[in-house]
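Enquirer: Please find one structure pasted underneath; my questions will follow.
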Amino acid sequence: MLEIQELHAGYGGGEVLRGLSLGVAHGEIVALLGRNGMGKTTLLRCIMGLLPHAAGSIRLEGQPLSGLDCFEIARRGVAYVPQGREIFGQLTVEENLRLAALRGGTIETGYDLFPGLRARAKDPGGSLSGGQQQQLAIARAMVAKPRLLLLDEPSEGIQPSVVNEIADIVTRSVRSMGLSVLLVEQNTDLALRVADRAVFVDHGVDAASIASRAVTREILASYMEL
Amino acid sequence: MDRILIFLLDSSNAILVLMLVSLGLAVIFGLMNVINMAHGEFLVLGAYGVLTLQWAGLPFAACLVIAPMLVALIGLAAEELLIRRTYERLLDTILATWGLSLVLRQGLVLIYGPGSHAVAAPDMGSVPVFGEIYPVYRLVVMALSAAAIAFTFWVFFRTALGLQARAVIANRNMAACLGINTRMLDRLTFAFGAGLAGLAGAVMSPLISVDPNAGLGWLVPGFLSILVAGLGSLSGPIVGAAGVGAVDSLAAAISSPVWAQLTVFVAAIIVIRFFPQGLMALKRREA
């Protein structure tokens, strides 16, 4: 459902993505793995339309996304949970969810996913704990009823016990809805446990695409260690 | 006692209109990070709008409704043609909107001449207020200003549009990631802010001398109101305008309007010197 071909992009003069190609099938969870600075977050920002790409193409269900504004890409069914979560700290939990539900969808989807959020509905998003903020960011993305979910470092800065709980809930929900997911995650054990396939990104290109089960310690070592 | 009452009514009148002006400035700055130096001219355009529509034979009430809308449309055009090209560059917004203010001012001189005009005051008579005779129209000005302020708060805190605007203020990129058309909100907000200024000019038009340079006298206290209370909230300009307006009225009653302006400036400088983040920041720190 998502096809990326020969993508080139970067910031200022520096090119970060140097001809990356990637596909995500319907209902497939793909983990993007690789060392820091290899272009994983840049790729997600390109798909979301937050960063223009210099060359190459991004297609969603066969439709090109190039040149579309971020809000148009969002309306076509791409939801983004950015690194650092970026919830609206001054707005209440409910307002955060309502923003995502303005164009179809209901905030109940978010509360069903993480019932703990309901008790905090009237509290400012910024008053939540790190784990709850991540729940809110994911719930906000799911409320919009996306077709493709982009997750950037969802486990960052959250207690390990909470991480696994959130991961299980999200994986179950994504599977039942048949969502496609592109996951950037430093915790490779977690990423390989939930993903169908891992794409290793190295120096701005897709270096390898391997089924999660077939990823060995040696493969991980060759792409992940400095 | 009677004089104090009249003084309080007159002060409330000035303060409420100043609140409208600074609210418009704050809305535009909050959402778009644009310091609108042409805000005073938008106000003057509101007054000229009433003048022109009155010449065309429209009843005063209709002028009050249509003139702010015309100013909002002019704001919309200015945003599309000029302001949007300066986003992300704060200093350029000052230069661009200052240029716009010059163009608008000279445009008014070309069309209406450099002299001042008087808008015919609607004949509403006077009523006794707590035993004092007070012009009805001034009460209408207060009511309209208060209603417009309440409407602005309602839009921002009770409607889906306002929720989206607050999201854009907090985090523009993330708002776009949720499917919010931030460009559309920029247009609407600028037009809305301009419309608030236009309304202030329209309601005040029978009470002031309508001339091309009348805007500056509103722009400066409008900015002071925002600076004194602090940026980053809608209640800031309300509190600031109350303070600036009260000091101005009080000083003007005791001495003269010239001394009043000086007093306001000195008071503002003292406040900003000791509370650089504004008086509202003080409250936030305690909370």
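What follows draws every value from the coordinates through simple rules; no lab data is involved. Quick caveat: nothing in here was measured; it's all calculated off a predicted structure. Cβ coordinates were reconstructed from backbone atoms using ideal geometry, including for glycine residues, and neighbour counts include every protein chain displayed.
Enquirer: Taking the Cα atoms of chain A alone, what are Rg (to one decimal) and Dmax (as a whole number) in Å?
Expert: 16.9, 49
Enquirer: For the protein assembly as shown, with only Lys/Arg (+1) and Asp/Glu (-1) charged at the beta-carbon, what is the dipole magnitude about the Cα centre, in debye rounded to 20? Walk me through the intermediate numbers first.
Expert: Details: 37 positive and 38 negative charges, 66 e Å.
Around 320 debye, computed over the protein assembly as shown.
Enquirer: Per q in 0.26 1/Å, what log10 I(q)/I(0) does a Debye calculation on the alpha-carbon atoms of region A:4-74 return?
Expert: Normalising to I(0) and taking log10 leaves -1.36.
Enquirer: With just the Cα atoms of region B:121-162, tell me how far they stretch along each of the three principal axes, in Å, largest first.
Expert: The Cα atoms of region B:121-162 stretch 43, 23, 7 Å along their principal axes.
Enquirer: So, one more: For region A:89-145, what are the per-bin percents of Cα-Cα distances with bins 10 Å wide, up to the bin holding the maximum?
Expert: Percent of Cα pairs in each bin: 30, 61, 10.
Enquirer: Please report the net charge: other residues with Cβ closer than 9 Å to the Cβ of A:Glu61, K and R +1, D and E -1.
Expert: Working: positive: A:Arg59, A:Arg76, A:Arg147; negative: none.
Net of charged neighbours comes to +3.
Enquirer: Ok, one more. Taking neighbour Cβ counts within 10 Å as the exposure measure, how do A:His53, B:His117 sort from fewest upward?
Expert: Details: A:His53 24, B:His117 16.
Least crowded to most crowded, the residues run B:His117, A:His53.
Enquirer: Could you tell me which helices of chain A pass both thresholds, a Cα extent of 20 Å or more along their own axis and a mean Kyte-Doolittle hydropathy of at least -0.5, with helices taken as whole DSSP H runs? Walk me through the numbers on the way to the answer.
Expert: Working: long enough: A:160-177 (26 Å, 0.29).
Both cut-offs are met by A:160-177.
Enquirer: Let me ask another. If the only charges are +1 at each Lys and Arg Cβ and -1 at each Asp and Glu Cβ, what is the size of the charge dipole of chain A around the Cα centre, to the nearest 20 debye? Spell out each step's value before the answer.
Expert: Working: 22 positive and 25 negative charges, 93 e Å.
My answer is approximately 440 debye.
Enquirer: Using the Kirkwood radius built from alpha carbon pairs, what does the Stokes-Einstein equation give as D for the protein assembly as shown at 37 °C and 0.692 mPa s, in µm² per second?
Expert: Values: Rh = 25.8 Å.
Translational diffusion coefficient: 127 µm²/s.
Enquirer: Taking R0 as 60 Å, what FRET efficiency do you get between A:Arg193 and B:Phe157 from their Cβ-Cβ distance, rounded to the nearest 0.05? Before the final figure, lay out each step's value.
Expert: Numbers: r = 43 Å, r/R0 = 0.72.
It comes out at approximately 0.85.
Enquirer: What does the charge count around A:Arg217 come to, taking other residues whose C-beta lies under 14 Å from its C-beta (Lys +1, Arg +1, Asp -1, Glu -1)?
Expert: On the way: positive: A:Arg213; negative: A:Asp189, A:Glu218, A:Glu225.
Local charge sum for A:Arg217: -2.
Enquirer: Exposure proxy check: B:Ile28, A:Ile166 ranked by fewest other beta carbons within 10 Å?
Expert: A:Ile166, B:Ile28
Enquirer: How crowded by other chains is A:74-81, given as the mean number of beta carbons from other chains within 10 Å of each beta carbon?
Expert: Numbers: counts 7, 4, 1, 1, 2, 3, 5, 1.
The mean count of partner-chain Cβ atoms within 10 Å per residue comes to 3.
Enquirer: To continue, here is another question. In the protein assembly as shown, if the dipole is taken from +1 on Lys/Arg beta carbons and -1 on Asp/Glu beta carbons about the Cα centre, which of B:Phe151, B:Gly75, B:Ala121 is farthest to the positive end?
Expert: B:Phe151
Enquirer: Something else now. Could you give the size of the charge dipole of region A:89-145 about its Cα centre, using +1 on the Cβ of each K and R and -1 on the Cβ of each D and E, expressed in debye and rounded to the nearest 20?
Expert: On the way: 7 positive and 5 negative charges, 21 e Å.
Once rounded to the nearest 20, the dipole reads 100 debye.
Enquirer: How many Å³ per residue does the convex hull of the Cα positions in region B:24-90 occupy? Don't jump to the answer; show the numbers that get you there.
Expert: Details: hull volume 5.2 nm³, N = 67.
Hull volume normalised by residue count: 77 Å³.
Enquirer: Could you please rank B:Arg273, A:Arg98, placing first whichever residue has the fewest other Cβ atoms within 10 Å of its Cβ? Walk me through the numbers before you get to the answer.
Expert: On the way: B:Arg273 8, A:Arg98 21.
Lowest to highest Cβ neighbour count: B:Arg273, A:Arg98.
Enquirer: If you take the charge dipole of chain B about its Cα centre, with +1 on Lys and Arg Cβ and -1 on Asp and Glu Cβ, which of B:Leu279, B:Ala56, B:Val44 is farthest toward its positive end?
Expert: Checked the options; the winner is B:Leu279.
Enquirer: Name the helices (complete DSSP H segments) of chain B with a Cα length along the long axis of 30 Å or more and a Kyte-Doolittle mean of at least -0.5, or state none. Can you show the working numbers first?
Expert: Values: long enough: B:2-32 (45 Å, 1.92); B:60-81 (31 Å, 2.06); B:90-112 (33 Å, 1.43); B:136-158 (32 Å, 1.67); B:182-204 (33 Å, 0.97).
The answer, listed by residue number, is B:2-32, B:60-81, B:90-112, B:136-158, B:182-204.
Enquirer: Now, a different point. Take every DSSP beta bridge whose two residues both sit in the protein assembly as shown, then give the antiparallel share in percent to the nearest 5.
Expert: Details: 27 of 44 bridges.
Bridges in the protein assembly as shown that DSSP calls antiparallel: roughly 60 percent.
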